[in-house]
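A.B. asks: This structure is in structure tokens; I'll ask about it shortly.
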Amino acid sequence: MDVFSRLSSLPRIWLLVPLGLWLAWWAGSAVASEGSRRTFAVSLAAVAIGVPTVKAVLGRRVRPGFIAVEVPVLLLLLSTLVFRERSADELAYNPLDAAAQFRVLCVALALVLGAVALISRPHATPSNGRLTSLPIRLYLLYVFVVFLGAPVSIDLPLTAYRGVELITGLIVMVGARRSVGDEAGERIGTVLYWFHVGLLLSVWIGFILSPDEVMYRILNSNSPLGWQIQGIWPSISSNGVGALGVLVTFWSLARLRILPTPTSLQRGLGYVMAGLAVATLIFAQYRTGYVAFVAGLLVYLLFGKKWVFASLVVMVVLGAIAVGPSSLIGDAEPFALRGQTTEQASKLSSRVDFWRASIPVWEESPLIGRGLLTATRFEVLAPLGLPYTSGIHSTWVEALVGTGLIGLTLLSLSFLITFKRAFARALWSGDLLPVLLLTVLAVRSITGSTFETFSYQAMIFLWLALALSDDEQQRLESVPSTGRPEP
């Protein structure tokens, strides 16, 4: 019996042999070559040596499965950082510049670590015995459609790589769950939260060191605030900064609710981060972010049973509108328009024109699309004279054009099922974090990129889609309610 058990484990081991041989050959040829391949190989070796070194220095403070959970998740998050802007022509001519090589390196390392986690002996197993959830399986089918659309896209390698990034994110998430079981959800969430906090702080550090670059000046002087803040180290658009502000606001508040007995330091830090995040949203002047903030606040008050405060806010708003609606609207309009005319704002800063121009491209391949991101960037935005605009500014339009009706349906189902489970968790257990984050992502998805392509916001969605398992609602309903609103 022992012999058979050993033989059954050999296929997993031998899977690593061809991979190791290929890596050895590639590393040797890369070091012997000149230029970018040598730089890439040296960077890969530095990271491969650095990770075990960090673990050795930290010693017992590193939790089991550190290499399978925190490291690959952090690598994927680092791959989303933007250090330069490129036009569509520059991307097509030289897709693997230095910054792109860094991104590919991070994704490749994360993919290897995630794959190893999947075939290695786990430290713990999930309570329900399942590695995936229904939303994750639907999202996997969505990624499959991304690969199906690559051959009909204008740039097959680039489209296929978008699918590789998404499949890597799935492998890392499932590999983490395979390695440490249910504990993976809490640990991944911690890495994601502090990464977002770090990005938020990087904006204000840039503001202190280089205010002229961070304060993006609005050309139309009619705006009460003649500038918006943006990130420069790394590069983050004003809209991206505003989205960070909303996410960190509710993330910080929701984390305080799920801590059993938060210390005064934890409570103070949480409120400080929430306040700084709100200020970030205001100075970014992200209008969709304002809507997401109101929606999130409404969810927070309703599920948090803040009935008195919620009623007071509603009464104040209704009273202000009843007393002087024209004055109120007149005072708020310049801030809402952000220096634009009413006509420009009604078109969502030209987004409606982008979406209208994308329909003919989608009609060329209505079922599987014309290639995720490549279709919108090369066939819609570039002909409109927008070579530096990387996306169509809508999750659902991007999914429709890039992956067709099939991909859009799968992505929609994956999100809706995840949101339903987040709603159930908030209703029955009082944990508001999933429903708050998904509410913000839902609002942003209308006018921005979120989880249809690989990004740190897609990482949030994949984390929640996996953490809210298939038996979540049944398990919550089987225990006494702690957070269900009174009838």
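A.B. asks: State whether the residues of region 81-99 include one that is under 22 Å from GLU379 (Cβ atoms), of a type in the set (Ser, Thr, Tyr) and free of Cβ contacts under 8 Å to residues at least 60 places away in the same chain.
C.D. replies: Yes.
A.B. asks: Does VAL172 satisfy the condition of being touching a Pro at 6+ places or on another chain (Cβ under 7 Å) and open to solvent by less than 10 Å² (accessible area, probe 1.4 Å)? Steps first, please.
C.D. replies: On the way: touching a Pro at 6+ places or on another chain (Cβ under 7 Å): yes; open to solvent by less than 10 Å² (accessible area, probe 1.4 Å): yes.
So VAL172 fits the description; yes.
A.B. asks: Among the residues of region 385-407, write down those that are closer than 11 Å to LEU372 by Cα, open to solvent by 10 Å² or more (accessible area, probe 1.4 Å), not in a loop (DSSP other than H, G, I, E, B) and not β-branched (Val, Ile, Thr).
C.D. replies: Correct list: LEU400 only.
A.B. asks: Name the residue, out of GLN266, GLN340, that is modelled with pLDDT under 90 and closer than 27 Å to ILE205 by Cα. Please lay out each step first, then the result.
C.D. replies: Working: GLN340 fails: closer than 27 Å to ILE205 by Cα.
Only one candidate passes the filter, namely GLN266.
A.B. asks: Condition test on LEU367, is it modelled with pLDDT of 90 or more, open to solvent by less than 50 Å² (accessible area, probe 1.4 Å) and within 26 Å of the chain's Cα centre (by Cα)? Spell out the reasoning first.
C.D. replies: On the way: modelled with pLDDT of 90 or more: yes; open to solvent by less than 50 Å² (accessible area, probe 1.4 Å): no; within 26 Å of the chain's Cα centre (by Cα): yes.
Here the answer is no, as LEU367 does not meet what is asked.
A.B. asks: List pairs: first residue in region 138-166 and open to solvent by 10 Å² or more (accessible area, probe 1.4 Å), second residue among the charged types (D, E, K, R) and not in a loop (DSSP other than H, G, I, E, B) anywhere in the structure, Cβ distance under 8 angstrom, at least six positions apart or on different chains.
C.D. replies: ILE154/GLU379
A.B. asks: Quick one: in region 210-250, of everything that is in a loop (DSSP other than H, G, I, E, B), of a type in the set (Ser, Thr, Tyr) and open to solvent by 40 Å² or more (accessible area, probe 1.4 Å), which residue is modelled with the highest pLDDT?
C.D. replies: To start, the set of residues in region 210-250 that are in a loop (DSSP other than H, G, I, E, B) comprises 210, 218-226, 230, 233-234, 237.
Add one more test, that the residue is of a type in the set (Ser, Thr, Tyr), and what stays is 210, 221, 223, 237.
Pick out the ones that are also open to solvent by 40 Å² or more (accessible area, probe 1.4 Å) and you get 221, 237.
Numbers: SER221: 48, SER237: 88.
Residue satisfying both the conditions and the ranking: SER237.
The values are calculated or read from the model by the stated rules, or taken from the named source; none is laboratory data. Every value quoted in this text rests on a predicted model; they were computed, and no experiment measured them. Heads up, the Cβs are rebuilt from the backbone with ideal geometry, glycines too, and the neighbour counts pull from every protein chain shown. For accessibility, only protein heavy atoms count, side chains too; no ligands or nucleic acids. Shrake-Rupley method; radii C 1.70, N 1.55, O 1.52, S 1.80 Å.
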